[in-house]
Amino acid sequence: MDLGARLEELRESGLHRRLRLVESPQGPEVQLDGRAVLLLCSNDYLGLADHSHVRRAAADAAMSWGTGAGASRLVSGSMTIHAELERALAEFEGKPAALLFGSGYLANSGVVSALAGRGEVVFSDELNHASIIDGCRLSRAETFVYRHADTEHLEWGLRRAGERAALIVTDGVFSMDGNVAPLAEIAELSGRHGCRLMVDEAHATGALGPGGRGSVAEAGLEQHVDVVMGTLGKALGSYGAYVCGSERLKEYLVNTCRPLIFSTAPPPPAVAAARRALEFLVARPNRVERLAANAEALREALRAEGLRVGDSRTQIVPVIVGEAAEATALSEAALERGVFAQAIRPPTVPPGTSRLRLTAMATHRVKDLRRAARELGGAARELGIAGGRVEEMQAGSAATGPLERAA
Ligand SMILES: Cc1ncc(COP(=O)(O)O)c(C=O)c1O
């Protein structure tokens, strides 16, 4: 592969990416390239990554447990702090068992590929996270990519697949749109068709449902969802991920799930930080309410500026722009005005739906969120950006199989 040519191609199509240097902890404001800017693109939704109790727990764990787990959970890396966090997470999710993973990417790619195989069919929402898409690819099962949140399309696929239907997998809260999956209908279909259901709560844990227990708990479906996956690196302010389900599921994954078997266990400071963050969340659910109120204030202020906000009711607030180059220009102009709001472009989102993906944090001040909206509105007007083609958000999918092509 000609790397230079490929990079040039990315530049020309407005899809080139670069790493920006943040010189401070995550927070409502960060130091970026030497100056303070409002941060509107972090998944540290509850502001726990820089909370003194959470930092202290990580520091204490580093002193008493060391900095690394040393090996895979199955070799020498499974420590009592891993088991304690798993117990706490299982209780939090209302499930018999939990299993820690190095990251959400590893959990999704590993669990999806462990739960479906050749000759079977996985059903995946077209806007699911890349880690789920990669899990589908790794599974070697046929993947039926159903239209976004379209339960009729899903049902059509389930009927066609019959006995081969192995797994339905969906984001609970969609990462780039902030909308919530129609979980009650999906759970009903999974029950009726005898097909396992997995929900990715990466953006729902700590943000949605009673006490931040996620979209599954909000819908009262704890008993109807077989596999709940959540991350420790977002609202819980640490790093890593977990999967909750039955004891048998856990035993099966310990024996078959490659990212668990062949990757080093999460480091003790990250585990201890997540444990402390979880305790904090359980003790102070009002932070979840503050997050929701901030998200609503941000949405209202953006709408007042005439910006095109998607139909999210969560802390993820997309400002749909349209073309990749326009989204990048708006992001750069916002940064000039002191607002860090990242442009999200294909392949992360379908072509024609590039956007600024704004995220509220519980620790933002409402007056700062309003200021951010004013700056974004001003920048969009200056650039003559009116809004994107939202209808195209339904287009495009990342994995297809014969069933999908037949649809
Ligand atoms: C919906 C969803 N699932 C999984 C992941 C992966 O989680 P992690 O960042 O822990 O690898 C992400 C991360 O952005 C996500 O948005």
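The values are calculated or read from the model by the stated rules, or taken from the named source; none is laboratory data. These figures come from a predicted structure and were not determined experimentally. Cβ: placed from backbone, ideal geometry, glycine included. Neighbour counts: every protein chain shown. All accessible areas refer to the heavy atoms of the entire protein, side chains included, with ligands and DNA or RNA removed. Shrake-Rupley method; radii C 1.70, N 1.55, O 1.52, S 1.80 Å.
List of remarks:
- Hz values of 3J(HN,Hα) by residue in segment 50-65 - Karplus curve (6.51, -1.76, 1.60), Gly and Pro given as x: 10, 7, 4, 5, 6, 4, 4, 4, 5, 5, 4, 5, 4, 6, 9, 10
- Kirkwood hydrodynamic radius (C-alpha pairs) into Stokes-Einstein, segment 52-283, 4 °C and 1.567 mPa s, D in µm²/s: 74
- Projecting the Cα positions of Phe123, His51, Pro351 onto the charge dipole of the chain (unit charges on Cβ atoms of Lys, Arg, Asp and Glu, taken about the Cα centre) puts His51 furthest along the positive direction.
- With the gyration tensor restricted to C-alpha atoms of the chain, the semi-axes of the equivalent ellipsoid amount to 32, 28, 20 Å, longest first.
- If you wrap the Cα atoms of segment 1-57 in a convex hull and average its projected area over all directions, you get 6.4 nm².
- Using the Cβ-Cβ distance between Lys367 and His16 with R0 set to 51 Å, the FRET efficiency works out to roughly 0.90.
- When nucleic acids and ligands are ignored and a 1.4 Å probe is applied, Tyr242 ends up with an accessible area of around 0 Å².
- Amide proton proximity set for Ile168, modelled H, under 5 Å, gap of 5+: Phe123, Arg196, Leu197, Met198
- Per residue, in Å², the accessible surface of the chain once ligands and nucleic acids are set aside, probe 1.4 Å: 42
- One way to sum up the overall shape of segment 224-294 is the equivalent ellipsoid from its Cα gyration tensor, whose semi-axes run 27, 16, 10 Å, largest first.
- Within the accessible surface of segment 155-268, defined with a 1.4 Å probe on protein heavy atoms only, the carbon and sulfur portion equals 46 percent.
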